[in-house]
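Read-outs: derived from the displayed coordinates by stated rules, not from any lab. Everything numeric in this text was worked out from a predicted model, so none of it was measured. Using ideal geometry, Cβ is built from the backbone for each residue, glycine included, and neighbour counts are taken over all protein chains shown.
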């Protein structure tokens with residue numbers, strides 16, 4: 001009897017047909033407990049319009065990627081057999097065979113990084129064969145399937161690790177784990193505000209992979225990668241179901257445009273075959289007016305208000321509605337979303353921690369040692385002094401001043417004669433194309449959604465809500481200056497949370 005060794009390891013298959021874990025497979029999945037080896041189970045690599053499912057991948061940060069093929073052959077199946085190489089399969093010193101999986105991973109990695117991929121090594125899992133039985137097989141097995149590349153069912157965890165570590169280390173140091181897996185598993189890649197690459201946490205990966213459900217809440221602070229995670233989840237779910245209609249709601253027109261820009265950057269970097277025109281990104285104001293037009297009722301002029309008639313009529317706008325920064329929106333609008341969601345899936349994204357959230361991200365990618373300075377003085381004069389000091393060594397675009405509407409106008413007038421580059425009065429009702437954000441920005445608390453800055457100066461803190469204040473704190477990357485003239489309860493609350 002002859003068996004052709006077919007390179008079908010990573011052919012896509014239904015997970016419902018997956019066989020139960022063997023003992024050796026369980027040992028392989030737990031090797032990270034005793035080593036620096038990282039284990040990735042049941043992952044899909046996306047590249048343009050194609051996808052490749054991989055049951056098990058290990059990463060040794062010093063040696064490269066390990067791919068595993070599982071074979072159910074027993075000794076009785078093989079004892080009278082000879083094995084031969086398939087005609088389309090080429091042998092390699094470094095791997096059992098060149099397979100489509102290698103080419104797919106290498107193409108993905110190179111297109112993103114413009115560098116050659118890290119070494120990829122193949123192993124065979126023989127869950128029904130032990131080391132001594134292998135010795136009695138035909139010599140053809142030992143030629144094509146060398147013993148050092150087979151995981152037998154009688155290997156201990158220590159022997160598995162030793163076998164993996166016997167692979168020769170490359171001459172050059174490999175990139176970091178984030179740079180390797182983050183450029184292969186792009187659906188689990190979080191980009192922070194400085195475009196630094198991080199691997200998604202287990203919490204984020206579970207969120208991205210899970211299908212949308214009828215009503216869910218994601219609780220995650222600013223800087224935790226929640227926006228990137230939302231976009232990655234949308235991409236993955238759309239790739240799985242191209243007909244899925246998805247709508248994202250953001251508080252302001254400007255925040256919608258900034259999200260679209262982030263979306264485009266994410267898709268381009270990840271080499272996804274995906275058009276953001278398939279996703280609708282709108283404000284609450286636009287959604288309500290669309291509903292009113294459908295009912296042939298007068299539209300809203302400025303204020304967001306949910307009339308009773310809207311709560312009495314169904315409105316099928318999408319299969320999935322995601323409302324980002326929902327705690328910045330009114331309760332009446334959130335009740336309205338729940339009303340029109342009856343035939344859709346609804347995901348509310350909040351910054352505040354809740355008791356009954358569906359998902360929660362605990363890790364934050366913002367600089368932990370953020371400097372917070374509380375100063376009691378004339379806020380207007382002190383703001384000018386701080387701005388002047390920062391401009392001695394920093395760019396104007398790194399500075400954001402957050403205050404109420406009256407202070408916004410007054411500060412703008414003084415800064416016109418105070419700094420060389422003009423200060424921009426942020427208008428979140430305008431589109432991104434209509435305002436240049438590469439300047440010192442002055443904004444109200446309701447306008448800073450999706451904005452971030454290296455230095456944030458907060459004024460009029462006693463007139464802002466705690467949700468707005470916490471959001472303003474978290475969008476800062478390095479230093480927050482809290483300026484006040486009178487004490488208040490909110491100020492004391494901020495001190496207890498943030499003062500060093």
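Sorted by average packing, counted as other Cβ atoms within 10 angstrom per residue and highest first, what order do 63-72, 127-136 take?
Ranked by mean Cβ neighbours within 10 Å, highest first: 63-72, 127-136.
Extending each Cα 7 Å along its Cβ direction at residue 412 and residue 107, get the distance between those two points in nm, one decimal.
5.2
From the Cα gyration tensor of region 201-360, with a ≥ b ≥ c the square roots of its eigenvalues, which class applies: rounded if a/c is under 1.5, or else prolate if a/b is larger than b/c, or else oblate?
Verdict is prolate for region 201-360.
Under 17 Å from a label point 7 Å along Cα→Cβ of residue 437: give me every residue in region 458-478 with its amide N that close.
The answer is 471-478.
For a distance above 43 Å, tell me the whole-number percent of Cα pairs in the chain that qualify.
Percent of Cα pairs beyond 43 Å in the chain: 32.
So what is the orientation-averaged projected area of region 371-498, using the convex hull of its C-alpha atoms, in nm²?
It is 7.2 nm².
What's the exposure ranking of 126, 169, going from fewest to most Cβ atoms within 10 Å?
Ranking 126, 169 by Cβ neighbours within 10 Å, fewest first, gives 169, 126.
For the pair residue 462 and residue 292, what calculated FRET efficiency results from E = 1/(1 + (r/R0)^6), where r is the Cβ-Cβ distance and R0 = 35 Å, to the nearest 0.05?
Taking R0 as 35 Å, the efficiency between residue 292 and residue 462 is 0.45.
Give me the one-decimal nm value for the distance between modelled label points at residue 498 and residue 26, 7 Å along each residue's Cα-to-Cβ direction.
In this crude spin-label approximation the distance works out to 5.0 nm.
Which of 162, 142, 408 has the fewest other C-beta atoms within 10 Å, and how do the rest follow up to the most?
162, 142, 408
Taking the convex hull of the Cα atoms, report for region 187-266 its projected area averaged over all directions, in nm².
So the Cα hull casts an average projection of 5.7 nm².
Which FRET efficiency value, to the nearest 0.05, do you get for residue 335 and residue 369 by plugging their Cβ-Cβ distance into 1/(1 + (r/R0)^6) with R0 = 45 Å?
For residue 335 and residue 369, the calculated efficiency is 0.65.
When only Cα pairs under 8 Å and 6 or more residues apart are kept, what is the percent relative contact order across region 297-433?
It rounds to 16 percent for region 297-433.
Output the relative contact order of the chain, whole-number percent, from Cα pairs under 8 angstrom with separation of 6+ residues.
13
Compute the distance in nm between two label points, each set 7 Å from the Cα along the Cα-to-Cβ direction, one at residue 275 and one at residue 114.
It is 2.8 nm.
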